[in-house]
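Encoded as structure tokens, the structure appears first; notes follow it.
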Amino acid sequence: MTASAQTDPVRIVALGDSLTAGYGVAEQESFPVRLQAALAAKGIKAAINNAGVSGDTASGGLARLDWSIPGDTQGVIVELGANDALRGIDPAVTRKALNDILASLKQRGIPVLLAGMRAPPNLGADYAAKFDVIYADLAKEYGVLLYPFFLEGVASERALNQGDGIHPTAAGVDVIVKGILPKVEELIRQAAPK
């Protein structure tokens, strides 16, 4: 059965931080809501559950993983690590938390789309070299889908970010959704019952 021929929506959880939660934008402008609408516009039935918590690190996402991902979840988008980089947390800590999230979801047989993050330039080249590779390394190790940079096309674009220069505006969210959509469609193909 193809994703577009299904009768029930595919149940996807977006596990993330404020970028997923929709910090500073109306609920209907948040990433999960806009993503679900973009999928619906393509005839794909999906229910995207917003499991974004503002301020969460990768370790925070791991700590709430079991209750954030209900038993009927068919796919997970993991968008964590931005706060780790902003706080200068040791990349080894971020890597271990994301590793443990992916290991747990693999054990549960749930397909994953890992959304990558990049370290801000003010932390220096050494930090970035250790942090930026985490996502590609883990995606390869666990055989999960990878969207290399969640904020692609939005980071450092003043017009697409709120006054803090960190969180996307509604227009910025739409750019993120457009960029990640093909990978989410792949995730849904993996998640939809065969």
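The values are calculated or read from the model by the stated rules, or taken from the named source; none is laboratory data. None of the values given here were measured: they were computed from a predicted structure. We place every Cβ from the backbone using ideal geometry, glycine too, and count neighbours over all the protein chains shown. These area figures cover heavy atoms from the full protein model, side chains too; ligands, DNA and RNA do not enter into them. Shrake-Rupley method; radii C 1.70, N 1.55, O 1.52, S 1.80 Å.
For region 169-184, a residue qualifies if it is in contact (Cβ under 8 Å) with a residue 60 or more places away in the chain and under 14 Å from the mean Cα position of the chain (by Cα), and the qualifying residues are VAL173, ILE176, VAL177, LYS178, ILE180, LEU181, LYS183, VAL184. Any residue that is in contact (Cβ under 8 Å) with a residue 60 or more places away in the chain, under 30 Å from ASP164 (Cα atoms) and acidic (Asp, Glu) - is there at least one of those in region 78-101? Yes; the residues of region 78-101 include at least one that is in contact (Cβ under 8 Å) with a residue 60 or more places away in the chain, under 30 Å from ASP164 (Cα atoms) and acidic (Asp, Glu). Pick from region 1-44 the residues that are charged (D, E, K, R), assigned to a helix (DSSP H, G or I) and touching a residue at least 60 places away in the same chain (Cβ under 8 Å): which of them is least open to solvent (accessible area, probe 1.4 Å)? Filtering region 1-44 for residues that are charged (D, E, K, R), assigned to a helix (DSSP H, G or I) and touching a residue at least 60 places away in the same chain (Cβ under 8 Å), the one least open to solvent (accessible area, probe 1.4 Å) comes out as GLU29. Somewhere in region 68-77, is a residue part of a helix (DSSP H, G or I) and in contact with a helix residue (DSSP H, G or I) (Cβ under 8 Å, 6 or more places away or on another chain)? Checked against the condition, which is being part of a helix (DSSP H, G or I) and in contact with a helix residue (DSSP H, G or I) (Cβ under 8 Å, 6 or more places away or on another chain), region 68-77 yields at least one hit.
Please determine, by comparing only the residues of region 85-120 that are of a type in the set (D, E, K, R) and touching a Phe, Trp or Tyr at 6+ places or on another chain (Cβ under 8 Å), which one is surrounded by the most Cβ atoms within 10 Å (Cβ to Cβ).
Within region 85-120, the subset of a type in the set (D, E, K, R) is 87, 90, 95-96, 100, 106, 108, 118.
Those left that are additionally touching a Phe, Trp or Tyr at 6+ places or on another chain (Cβ under 8 Å): 106, 118.
Working: LYS106: 14, ARG118: 18.
Among them, the one singled out is ARG118.
Among the residues of region 28-51, the ones that are more than 20 Å from VAL76 (Cβ to Cβ) and touching a helix residue (DSSP H, G or I) at 6+ places or on another chain (Cβ under 7 Å) come to 2 in all. The set of residues from region 148-185 being under 30 Å from THR7 (Cα atoms) and surrounded by fewer than 16 Cβ atoms within 10 Å (Cβ to Cβ) comprises LYS178, PRO182.
So which residues in region 138-147 are open to solvent by less than 20 Å² (accessible area, probe 1.4 Å) and without any contact (Cβ under 8 Å) to a residue 40 or more places away in the chain, if there are any at all? The answer is ALA139, and nothing else. Is it the case, given these coordinates, that ALA58 is buried (at least 23 other Cβ atoms within 10 Å of the Cβ), within 25 Å of PRO121 (Cα to Cα) and modelled with pLDDT of 95 or more? Yes; evaluated as a whole, the condition is true for this residue. Can you say whether ALA47 is in a helix (DSSP H, G or I), of a type in the set (A, V, I, L, M) and surrounded by fewer than 24 Cβ atoms within 10 Å (Cβ to Cβ), as far as the supplied structure shows? So ALA47 does not fit the description; no. Going through (1) at positive phi; (2) of a type in the set (Ser, Thr, Tyr); (3) in contact with a strand residue (DSSP E or B) (Cβ under 9 Å, 6 or more places away or on another chain) one by one, SER156 falls short only on (3). Within region 121-137, the set of residues being surrounded by fewer than 17 Cβ atoms within 10 Å (Cβ to Cβ) and of a type in the set (Val, Ile, Thr) comprises just one member, VAL133.
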